[in-house]
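See structure below.
The values are calculated or read from the model by the stated rules, or taken from the named source; none is laboratory data. As the structure is a computational prediction, the values presented were derived from the model and not from experiment. Please note: Cβ atoms are built from the backbone with ideal geometry, for glycine as well, and neighbour counts cover all protein chains shown. Quick note on the areas: whole protein, heavy atoms, side chains included, nothing else; ligands and nucleic acids left out. Shrake-Rupley method; radii C 1.70, N 1.55, O 1.52, S 1.80 Å.
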Amino acid sequence: MSKPLRVLSGMRPTGRLHLGHVVGALNNWVKLQNEYECFHFIADWHALTSDFGDTSKIRANRIEMMVDWLAAGLDPNKSVMFIQSAVPAHAELNLLLAMITPLSWLERVPTYKEQRENVVDKDLGNYGFLGYPVLQAADILMYKGNFVPVGEDQVPHVELTREICRRFNSLYGEVFPEPDALLTPVPRLPGLDGRKMSKSYGNDISLSDTPEEIAKKVKMMITDPARKRRQDPGNPDICPVFSYHKIFSPAETIATVSRECRTAGIGCIDCKKWMSDHLIHQINPLLQRRKEFERRKDEIGDIIKHGNQKANAIAGDTMEQVRDAVKLS
Ligand code: SF4
């Protein structure tokens, strides 16, 4: 029987997860765990590349992230869920891969250039931030991952992992399979103000919000800015509320909103109410599961411990092969 294909992905524990993470990543991960052997890690070392100045929340954020993952439907019996820093072999492989990675490969990564130019509230002038994609390569190659589920903007990172992988294999012998980006179309959920959803913009719907808080936030959402009065026709294609309808509402409601908004047949207050009802109906099971897991924090510790053990066992095997290949054993 052929070995199941492996999927690798991680998330940085930089704060509470929001609905954008569920729609844009977690729902996909939950599906993937039924088709592949999945490894999901909480990338706490990656969080340090930009948040090294204040590490006080990382430990608590890791637990909250695991609670969110479980509530979203990740199953520890199907997916290996672990904490990156609990598998020190990632650091060793990162070091070995750093030796063979030309600096120019890192400097040309588009997200590196873009973030150095645009992020002003964090010091990104450190060596760790430049080397972020090498650590990512180590995270993926450690488990001989076949696929990495990513959005378009992350494809260059996977491409860099493939280049590092080829370079390692050509220098030291075939140890790692070349991973591929798994481009699954996932809907993008804008923030309440139409920008990218982010806790730091204050435009998110958090997984710890109650249904009442969600309904209140939806009431404040921006709509088509040209629709100033009830009798003005609107354009749902540029309205964030309609983007939510397309994800959470049934086809009939989507068709009604699309038609009636354009003719001023419905007002924004009603439209938002319909949307928040559907959204809450869909998200409520997750919110309830989240509350339940919060009550079972001891179990969370066991799940993490178990995931760390599994990850360490595989990482140990890989590093033996790596040290042999590099002639360091
Ligand atoms: S009716 Fe709905 S889709 Fe149209 S502008 Fe108002 S909130 Fe947006």
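Looking at this structure, is GLY24 modelled with pLDDT under 95 and open to solvent by 10 Å² or more (accessible area, probe 1.4 Å)?
So GLY24 fits the description; yes.
Looking at this structure, is VAL30 under 16 Å from the mean Cα position of the chain (by Cα), among the β-branched types (Val, Ile, Thr) and either modelled with pLDDT under 90 or surrounded by fewer than 20 Cβ atoms within 10 Å (Cβ to Cβ) (or both)?
yes
Only residues that are out of contact with any strand residue (DSSP E or B) (no Cβ under 6 Å at 6 or more places or on another chain) and either crowded, with 22+ Cβ neighbours inside 10 Å or among the charged types (D, E, K, R) (or both): list them for the stretch 71-87, please.
ALA71, ASP75, LYS78, VAL87
So how many residues does the stretch 292-304 have that are surrounded by 13 or more Cβ atoms within 10 Å (Cβ to Cβ) and basic (Lys, Arg)?
Total meeting the criteria: 1.
Across the stretch 271-290, what is the number of residues that are within 21 Å of ILE42 (Cβ to Cβ) and open to solvent by 30 Å² or more (accessible area, probe 1.4 Å)?
Residues that pass the stated criteria total 1.
Yes/no matrix, rows are residues, columns are (1) assigned to a helix (DSSP H, G or I); (2) near the ligand (Cβ under 7 Å from one of its atoms); (3) out of contact with any helix residue (DSSP H, G or I) (no Cβ under 7 Å at 6 or more places or on another chain); (4) within 20 Å of GLY20 (Cβ to Cβ):
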residue: MET221; (1), (2), (3), (4): no, no, no, yes
residue: ASP224; (1), (2), (3), (4): no, yes, no, no
residue: GLN231; (1), (2), (3), (4): no, no, yes, no
residue: GLY234; (1), (2), (3), (4): no, yes, no, no
residue: SER243; (1), (2), (3), (4): yes, no, yes, yes
residue: GLU252; (1), (2), (3), (4): yes, no, yes, no
residue: SER258; (1), (2), (3), (4): yes, no, no, no
residue: CYS261; (1), (2), (3), (4): yes, yes, no, no
residue: ILE266; (1), (2), (3), (4): no, yes, no, no
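Looking at (1) modelled with pLDDT of 95 or more; (2) within 27 Å of the chain's Cα centre (by Cα); (3) on the phi > 0 side of the Ramachandran plot, which one does ALA264 not meet, given that it meets all the others?
(2)
Which residues, taken from the stretch 292-309, are in contact (Cβ under 8 Å) with a residue 60 or more places away in the chain and closer than 18 Å to GLU92 by Cα?
Correct list: ASN308 only.
Quick one: in the stretch 271-319, which of the residues that are over 24 Å from LEU96 (Cβ atoms), aliphatic (A, V, I, L, M) and in contact with a Leu (Cβ under 9 Å, 6 or more places away or on another chain) is nearest to the ligand (Cβ to nearest atom)?
Applying the filter and picking the extreme gives LEU279.
Run down SER329, SER276 and say which single residue is among the small types (Gly, Ala, Ser) and in contact with an Asp or Glu (Cβ under 8 Å, 6 or more places away or on another chain).
That would be SER329, the only listed residue that is among the small types (Gly, Ala, Ser) and in contact with an Asp or Glu (Cβ under 8 Å, 6 or more places away or on another chain).
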